[in-house]
1. Condition first: of a type in the set (Gly, Ala, Ser), touching a helix residue (DSSP H, G or I) at 6+ places or on another chain (Cβ under 6 Å) and under 23 Å from GLU37 (Cβ atoms). Now tell me which residues in the stretch 57-99 satisfy that.
2. List the residue pairs whose Cβ atoms are under 9 Å apart, where the first residue sits in the stretch 160-185 and is part of a loop (DSSP other than H, G, I, E, B), the second is of a type in the set (S, T, N, Q) and surrounded by fewer than 14 Cβ atoms within 10 Å (Cβ to Cβ), and the two are 6 or more positions apart or on different chains.
3. Among the candidates VAL154, VAL145, which residue alone is in a strand (DSSP E or B) and modelled with pLDDT of 95 or more?
4. Can you pull out every residue in the stretch 63-78 that is within 15 Å of the chain's Cα centre (by Cα) and buried (at least 18 other Cβ atoms within 10 Å of the Cβ)?
5. Can you say whether ILE159 is within 18 Å of ALA59 (Cβ to Cβ), touching a helix residue (DSSP H, G or I) at 6+ places or on another chain (Cβ under 9 Å) and among the β-branched types (Val, Ile, Thr), as far as the supplied structure shows?
6. Scan the stretch 188-196 and give yes if some residue there is at pLDDT 95 or above, under 29 Å from THR24 (Cβ atoms) and basic (Lys, Arg), otherwise no.
7. Just one of (1) more than 25 Å from PRO78 (Cβ to Cβ); (2) surrounded by 15 or more Cβ atoms within 10 Å (Cβ to Cβ); (3) of a type outside the set (A, V, I, L, M) trips up SER161, so point out which.
8. Just one of ILE83, ILE46 is under 30 Å from GLU188 (Cβ atoms) and more than 17 Å from the chain's Cα centre (by Cα); which is it?
Amino acid sequence: MTTLYLIRHGESQANEKDVFIGHTDLELTDLGRKQAEITADYLKNITPDVIYSSDLRRAYNTAEATAKQYGMEICIEPGLREIYAGDWEYVPFAQLEAQCKETYGIWCKDVANARCDNGESVTEVYDRVSKTIRKIAMRHPDATVFIFSHATPVRTFAIHSMGKTVQELPLLPWPSNASVTRVTFDGEKFSLLEYSTDHFMGTLATRLPDNV
């Protein structure tokens, strides 16, 4: 049995400013770096065999806090990136509500069927991330794998691990910053054991706003 721990990145500069980003490569905030350290401490008694991260800095820098305490390298995997946001990149959520009423309205009310204008769809993220993590899991049988990624990849893969389609995505909320999601893989199917665990963050827990 392979056990995978999916960790969303800590608070980013985009999270702090309430702007929508996908592939825009921004840093963690001071709070985000603190969240990364808290999550690393939470995971300190679980020794990974390998650590993977999205190539975007907010995920990679979150992974660094954990990798440092084990003296391990981080394997970069672009397939773990956030959704490609197209015309929505670095646009404030409130502005998207006003300027893209129809398409961003779908994102807020029916996320499973949403597509960023001139960007990636949520279904495409579901497929991309599921294939990427399956390859990782097959590469590391009977191992403990840490994977540092983003909100949409973590959410879509969690619903996939429940044996459900992207249409059932509303069953799960957005994962919080630096939260931990645990999944097992038996060589054929994934099983979700816990989702967006963040109790260890205390008052420093942060989440996406309601208009996302």
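The values are calculated or read from the model by the stated rules, or taken from the named source; none is laboratory data. If you're wondering where the values come from, they're calculated on a predicted model, not measured in any experiment. Cβ sites come from the backbone with ideal geometry, for glycine too, and all protein chains shown count toward neighbours.
1. ALA65
2. Here the result reads MET162/SER191; GLY163/SER191, each pair linking the stretch 160-185 to a residue that is of a type in the set (S, T, N, Q) and surrounded by fewer than 14 Cβ atoms within 10 Å (Cβ to Cβ).
3. On the way: VAL154 fails: in a strand (DSSP E or B).
Unique residue meeting the criteria: VAL145.
4. Across the stretch 63-78, the qualifying residues are ALA63, GLU77.
5. Numbers: within 18 Å of ALA59 (Cβ to Cβ): no; touching a helix residue (DSSP H, G or I) at 6+ places or on another chain (Cβ under 9 Å): yes; among the β-branched types (Val, Ile, Thr): yes.
Against the criterion (within 18 Å of ALA59 (Cβ to Cβ), touching a helix residue (DSSP H, G or I) at 6+ places or on another chain (Cβ under 9 Å) and among the β-branched types (Val, Ile, Thr)), ILE159 does not qualify.
6. For the stretch 188-196, residues at pLDDT 95 or above, under 29 Å from THR24 (Cβ atoms) and basic (Lys, Arg): absent.
7. Here SER161 meets the rest and fails (1).
8. On the way: ILE83 fails: more than 17 Å from the chain's Cα centre (by Cα).
After ruling out the rest, the residue left standing is ILE46.
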